[in-house]
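**Q** Here it is, the structure in full.
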Amino acid sequence: MPEPVTRVSGRMAPLDLADVDTDQIIPKQFLKRIERTGYGPFLFYDWRRRGDFVLDRPQHAGASVLVAGANFGCGSSREHAPWALRDFGFKAIIAPSFADIFRNNCYKTGLLAVTLPESQVRHLIDLASEDASVEVIVDLERQVVRGEGFEYPFEIDAFAREMLLLGQDDVSLIERHETDISAYEKTRAEWLPAVR
């Protein structure tokens with residue numbers, strides 16, 4: 001179960017690329033694991049092994065917010081992509097747009113995916129590129145991204161917001177209704193198959 005997310009604060013890592021697909025985020029050869037952890041070392045594996053990848057630069061080590069281009073997380077549907085980003089240390093991603101399935105997988109993993117207009121994302125990428133020590137606060141309660149001299153509001157699906165704030169996923173959502181489910185099970189017709 002993910003931890004509750006109310007706000008993320010920290011430094012940003014700029015990934016000034018659009019259309020970053022899940023195959024680049026976590027290549028297929030690393031999808032054989034059954035755990036949800038241990039994917040961080042393989043994040044952007046193909047790009048990182050070429051050398052001088054932005055996330056490997058010392059000034060961006062430990063950044064908790066990834067700022068990227070439009071259509072982040074496109075491509076195949078794999079939960080491993082947000083798992084790898086979380087495992088690497090990111091707690092929030094800011095981009096002009098996300099692939100729908102990727103964004104939903106982020107929320108289920110406790111990774112905050114924030115959509116901002118292209119001009120505001122460009123400002124954040126430029127800030128992080130010019131001064132890696134700049135910090136931002138991604139405030140889910142107030143729905144703003146703020147830093148020194150700026151505050152950018154963002155929208156988020158109300159259900160996704162509640163799940164993140166409560167630290168819940170699909171399983172814990174069902175468990176919230178365990179009493180009702182048990183009561184229903186006691187009254188259902190005998191001819192129906194038993195739920196195991």
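The values are calculated or read from the model by the stated rules, or taken from the named source; none is laboratory data. All values reported here derive from a predicted model rather than from experimental measurement. Methodologically, a virtual Cβ is constructed for each residue, glycine included, from the backbone with ideal geometry; neighbour enumeration extends over all protein chains shown. Note: accessible area is taken over every heavy atom of the protein model, side chains too, but ligands, DNA and RNA are not part of it. Shrake-Rupley method; radii C 1.70, N 1.55, O 1.52, S 1.80 Å.
**Q** Suppose R0 equals 35 Å. What FRET efficiency, 1/(1 + (r/R0)^6) with r the Cβ-Cβ distance, do T37 and W191 give to the nearest 0.05?
**A** 0.20
**Q** Given a 1.4 Å probe, how much area per residue of segment 85-166 is accessible, in Å²?
**A** That works out to 46 Å² per residue.
**Q** Would you list which lysines come within 21 Å of K32, measuring only between C-alpha atoms, while excluding same-chain residues fewer than 8 positions from it?
**A** Leaving aside lysines fewer than 8 places away in the same chain, those within reach of K32 are K108.
**Q** So how do 117-124, 79-86 stack up, highest first, on mean other-Cβ count within 10 Å?
**A** Descending mean neighbour count gives 79-86, 117-124.
**Q** Quick one: work out the % antiparallel among DSSP beta bridges in the chain, nearest 5.
**A** 50 percent
**Q** Another question, if that's okay. How would segment 93-186 be classified by its alpha-carbon gyration tensor: rounded, prolate or oblate, with rounded meaning a/c under 1.5 and the a/b versus b/c comparison settling the rest?
**A** Prolate, since a/c reaches 1.5 and a/b exceeds b/c.
**Q** Then there's this: Assuming a ≥ b ≥ c are the square roots of the Cα gyration tensor eigenvalues, decide whether segment 1-121 counts as rounded (a/c under 1.5), prolate (otherwise, with a/b larger than b/c) or oblate.
**A** rounded
**Q** In addition: Figure the gain on full extension for E3 and Q29 (residue separation times 0.36 nm, minus the Cα-Cα span) and round it to one decimal in nm.
**A** Difference between extended and current length: 6.5 nm.
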